[in-house]
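Every number here is computed from the coordinates shown, using simple stated rules; none is lab data. Because the structure is a prediction, the values reported are computed rather than measured. Glycine also receives a Cβ, built like all others from the backbone with ideal geometry; neighbour counts cover every protein chain displayed.
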Amino acid sequence: MHKNLIILAAGASSRMKNSVATSSLSEAEKKQANSKSKAMIGIGKDNRPMIDYVLYNAEKAGYRSVYIVIGEDAKEFKEYFETPTPTKNFNKLNIYFATQYIPKDRTKPWGTADAIYQTLNQFPQLHKEKFTVCNGDNLYSIMALKTIRECNHRNALICYDRDGLQFSEDRIAQFALVVTDESNYLKDIIEKPNSNELNAFKDPFGKLRVSMNLFKLDALEIFPYLESCPIHEIRNEKELPTAILSLCKDIPNAVKGIPLSEHVPDLTAKGDILTLNEFLKINFNFKF
């Protein structure tokens, strides 16, 4: 049972910044959405950064060492966490920062596989460890985080029931489908499947499963595949699912799928700020 969590927060937040702001957003909320990393956008009644809620759930789920992957210019993260206040500290967490450096011939990071690769190189102690990977702009439940942390298999991912996600049909259709065998071992991850082909990807219970990028990985097994991860021909990035699927092709039953049905709120577009605020009113009745 591991206690390491890597949170991906080095993305450019392009979709958030390019999305249309609704009239219900305040000017302060619009300004945040257009200038900050999604993980640092303030939400909830106390206007705390999104990542605080992720960290709260991670602490409750039993994680103790958290590695936040940030960009080269992400000073706001370090400034926020290096300024202690009684209401902000997560006393059980050791928080570290890994920087995802951008090559001189590129304008944006190499992608999620590269983010994990650079993190492992910056923290060599992780090379013999197992760890969870999640997005900094997805609010995973305590149960989901604890389930994957306590999973006995070397590598795993949470396979979310599409019917449990409270997004629009158009948005859900953008999520990658997870294909597993009868024993729930990962076989494939299908990006934006054709709607006419969906029935072919249902699991033995008749459910369509999607990935929300919540993985458990064994560093010794995944590292070579992170290092050699090919570049996606359209997005021009090295993506973590590609590295994981390469692992699955070489090692039978390498990644266990864990079925789960629940909603995963996220920050993708400006309208999600309002949706998350409403979600927090109902589901986060606590004090940090």
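Under 5 Å between amide H atoms, partner at least 5 residues away or on a different chain: which partners does His232 have, H built in plane at 1.01 Å?
Correct list: Glu237, Lys238, Glu239.
Roughly how far apart, in whole Å, are the Cα centres of the range 127-154 and the range 158-208?
Between the Cα centres of the range 127-154 and the range 158-208 lies a distance of 20 Å.
If contacts are Cα pairs under 8 angstrom and at least 6 residues apart, what is the relative contact order of the chain in percent?
On the way: 520 pairs, mean separation 73.1, N = 288.
Relative contact order for the chain comes out at 25 percent.
Percent antiparallel among DSSP beta bridges with both residues in the chain, to the nearest 5?
Details: 19 of 40 bridges.
Restricted to the chain, the bridges split so that about 50 percent are antiparallel.
Among all lysine pairs in the range 35-87 that are eight or more places apart or on different chains, how many have alpha carbons less than 17 angstrom apart? Display every interim value, and only then the final one.
On the way: Lys36/Lys75; Lys36/Lys78; Lys38/Lys75; Lys38/Lys78.
Going through the range 35-87 pair by pair, I get 4.
Can you give me the long-range amide H partners of Arg48? Hydrogens built in the peptide plane at 1.01 Å from N, cutoff under 5 Å, separation of 5 or more residues or another chain.
Ile43
What trypsin sites (Lys or Arg not before Pro) does the range 244-288 have in DSSP loop regions with at most 10 other beta carbons within 10 Å?
Values: sites: Lys249, Lys256, Lys270, Lys281, Lys287; in loops: Lys270, Lys287.
Filter output for the range 244-288: Lys287.
Once every DSSP H run of n ≥ 4 in the chain is given -39500 (n - 2.57) and the sum is divided by its residues, what mean residue ellipticity at 222 nm do you get, rounded to the nearest 500 deg cm²/dmol?
Values: 10 runs with 89 residues, N = 288.
The per-residue figure over the chain is -8500 deg cm²/dmol.
Under the rule a/c < 1.5 gives rounded, and otherwise a/b versus b/c splits prolate from oblate, where does the range 192-288 land using the Cα gyration tensor?
On the way: a/c = 1.76, a/b = 1.51, b/c = 1.16.
Prolate, because a/c is 1.5 or more and a/b exceeds b/c.
Looking at (i) 66, 48, 42; (ii) 49, 43, 40; (iii) 47, 39, 38, which value of Cα extents along the principal axes in Å comes from a calculation on the structure shown?
(ii)
Mind listing which trypsin sites (Lys or Arg not before Pro) in the range 1-79 are in a DSSP loop and have 12 or fewer other Cβ atoms within 10 Å? Please list the in-between numbers first.
Values: sites: Lys3, Arg15, Lys17, Lys30, Lys31, Lys36, Lys38, Lys45, Lys60, Arg64, Lys75, Lys78; in loops: Lys3, Lys36, Lys45, Arg64.
Listed in order of number, the matching sites are Lys45.
Starting at the first residue of the range 231-238, write each ³J(HN,Hα) from the Karplus equation 6.51 cos²θ - 1.76 cosθ + 1.60 with θ = phi - 60°, in whole Hz, x for Gly and Pro.
8, 4, 5, 9, 7, 6, 9, 9
What list do you get for Thr180, Thr112 if you sort them by fewest beta carbons within 10 Å?
Working: Thr180 21, Thr112 26.
With the sparsest Cβ surroundings first, the list reads Thr180, Thr112.
Using the Karplus curve 6.51 cos²θ - 1.76 cosθ + 1.60 with θ = phi - 60°, work out ³J(HN,Hα) for each residue of the range 191-204 in order, rounded to whole Hz, and write x for Gly and Pro.
7, 6, x, 5, 4, 6, 9, 4, 4, 6, 9, 6, 7, x
If you take the square roots of the eigenvalues of the alpha-carbon gyration tensor of the range 128-207 and sort them as a ≥ b ≥ c, do you get rounded (a/c under 1.5), prolate (a/b over b/c) or oblate? The partial results should precede the final answer.
Values: a/c = 2.04, a/b = 1.38, b/c = 1.48.
Taking the square roots of the gyration eigenvalues as a ≥ b ≥ c, the range 128-207 is oblate.
In debye, nearest 20: dipole of the chain around its Cα centre with unit charges on the Cβ of K, R (+) and D, E (-)? It would help to have the intermediate numbers written out before the result.
Values: 38 positive and 36 negative charges, 140 e Å.
Roughly 680 debye, rounded to the nearest 20.
Among Leu126, Leu267, which comes first, second and so on when ranked by fewest other beta-carbon atoms within 10 Å?
On the way: Leu126 21, Leu267 25.
Final ranking by Cβ density, sparse to dense: Leu126, Leu267.
With labels modelled as points extended 7 Å from the Cα through the Cβ direction, what inter-label distance (nm, one decimal) is found for Ser23 paired with Glu150?
Placing both labels 7 Å along Cα→Cβ, they lie 4.8 nm apart.
Considering the options Val20, Ile6, Gln100, tell which one lies farthest towards the positive end of the dipole of the range 1-104, charges being +1 on Lys and Arg and -1 on Asp and Glu at the Cβ, about the Cα centre.
Ile6
Return a whole-number percent for the relative contact order of the range 129-189, with Cα pairs under 8 Å and 6 or more residues apart as the contact set. Numbers along the way, then the final one.
Working: 25 pairs, mean separation 11.0, N = 61.
Relative contact order of the range 129-189: 18 percent.
Looking at the range 141-211, which chymotrypsin sites (Phe, Trp or Tyr not before Pro) are in a loop (DSSP not H, G, I, E or B) and have at most 12 other Cβ atoms within 10 Å? Don't jump to the answer; show the numbers that get you there.
Details: sites: Tyr160, Phe167, Phe175, Tyr185, Phe201, Phe205; in loops: Phe167, Phe175, Phe205.
The qualifying sites are Phe205.
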